[in-house]
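The values are calculated or read from the model by the stated rules, or taken from the named source; none is laboratory data. If you're wondering where the values come from, they're calculated on a predicted model, not measured in any experiment. Methodologically, a virtual Cβ is constructed for each residue, glycine included, from the backbone with ideal geometry; neighbour enumeration extends over all protein chains shown. Heads up: the accessible areas ignore ligands, DNA and RNA and are worked out on the full protein's heavy atoms, side chains in. Shrake-Rupley method; radii C 1.70, N 1.55, O 1.52, S 1.80 Å.
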Amino acid sequence: MFQAISCATRHSCLKRGVGAVIVKDRKVVGTGYNGAAADIRSCRELGYCYYEHLASHEAETNEKKFSDVREIFKVYCQAVHAEANAMSQCAKEDAHGSTLYITNYPCPRCAQDVIITNKVKAVKVWKEYLMNFTLSMDEKRASDNKLLEAGISVNYIPISKERIKEIASYMACHVGDRTKYSFKGGK
């Protein structure tokens, strides 16, 4: 999971950094983060959220409520999701029966088009999102339903912020440095 968290630091989305790692037979077969597709400028490069910018223009031009238009315009998001980016790196046979480690719960589209379609057997999630308790069906529940129907197990891997800081500190201060180990078997 820490590798997925590390992948997320490469995101180019202004809304949320998400990372994914696909593992099969204890080997990493694909990694990804959410960001613009190749040869398309990312929101980070643009300096604004592309779909919100379009929605704002639409709302102003046609005197509509921005919050309503923004939801409709989400389909114009520049970011390819982390799961899809990771899946694009691995062969179909590697995806079949693999485990997907992802920093955030998958959206319904990724659950269906990436996870289920590629026959991933298990999903490990760090953080929850996509929940809206005011709705009887939100993105989280839609994803849950699809994954449950496909027989894909979903488990959470809790990693505290303190543990992440501890790992990052170790990486910054010790990885690559000589350890105090000395061979004790010889003269």
Practice prompt. Would you check which residues across region 141-187 are modelled with pLDDT of 90 or more and on the phi > 0 side of the Ramachandran plot and list them?
Written response: Gly151
Response to the item:
From the option list Val21, Val114, Val28, single residue qualifying as in a helix (DSSP H, G or I) and among the hydrophobic types (A, V, I, L, M, F, W, C) is Val114
Worksheet entry | Selection count, region 153-187, where residues are assigned to a helix (DSSP H, G or I) and without any contact (Cβ under 8 Å) to a residue 24 or more places away in the chain | 11
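Residues of region 60-84 being assigned to a helix (DSSP H, G or I) and open to solvent by 40 Å² or more (accessible area, probe 1.4 Å), which ones?
Within region 60-84, Glu60, Thr61, Phe66, Ser67, Asp68, Arg70, Glu71, Ile72, Lys74, Val75, Tyr76 meet the criteria.
Does Glu52 satisfy the condition of being open to solvent by less than 50 Å² (accessible area, probe 1.4 Å) and assigned to a helix (DSSP H, G or I)? So that I can check it myself, show each step before the final result.
On the way: open to solvent by less than 50 Å² (accessible area, probe 1.4 Å): yes; assigned to a helix (DSSP H, G or I): yes.
Taking the combined requirement at face value, the residue satisfies it.
Could you list all residues from region 118-138 that are more than 19 Å from Val28 (Cα to Cα), open to solvent by less than 80 Å² (accessible area, probe 1.4 Å) and under 17 Å from the mean Cα position of the chain (by Cα)? If you could, list the steps in order and put the result at the bottom.
Applying the first criterion (more than 19 Å from Val28 (Cα to Cα)) to region 118-138 yields 127-138.
Okay, now just the ones that are also open to solvent by less than 80 Å² (accessible area, probe 1.4 Å), so 128-130, 132, 138.
Result: Glu128, Tyr129, Leu130.
From the set of residues in region 19-33 that are open to solvent by less than 10 Å² (accessible area, probe 1.4 Å) and not aliphatic (A, V, I, L, M), which is farthest from Gln89 (Cα to Cα)?
This residue is Gly19.
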Item to complete: Count, please, the residues in region 97-112 that happen to be under 22 Å from Lys15 (Cα atoms), open to solvent by 30 Å² or more (accessible area, probe 1.4 Å) and modelled with pLDDT of 95 or more.
Response: 1
Worksheet item: List, please: which pairs have Cβ atoms under 8 Å, are six or more places apart or on different chains, and start with a residue in region 108-122 that is closer than 13 Å to Ser98 by Cβ and end with one that is in a helix (DSSP H, G or I) and open to solvent by 20 Å² or more (accessible area, probe 1.4 Å)?
Response: Val114/Ala84; Val114/Met87; Ile116/Lys146; Asn118/Met87; Asn118/Lys92
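Considering each of Arg16, Arg10 in turn, give the residue that is open to solvent by 20 Å² or more (accessible area, probe 1.4 Å), farther than 29 Å from Ala150 by Cα and either in contact (Cβ under 8 Å) with a residue 24 or more places away in the chain or not in a helix (DSSP H, G or I) (or both). Steps first, answer last, please.
Values: Arg16 fails: farther than 29 Å from Ala150 by Cα.
The match here is Arg10.
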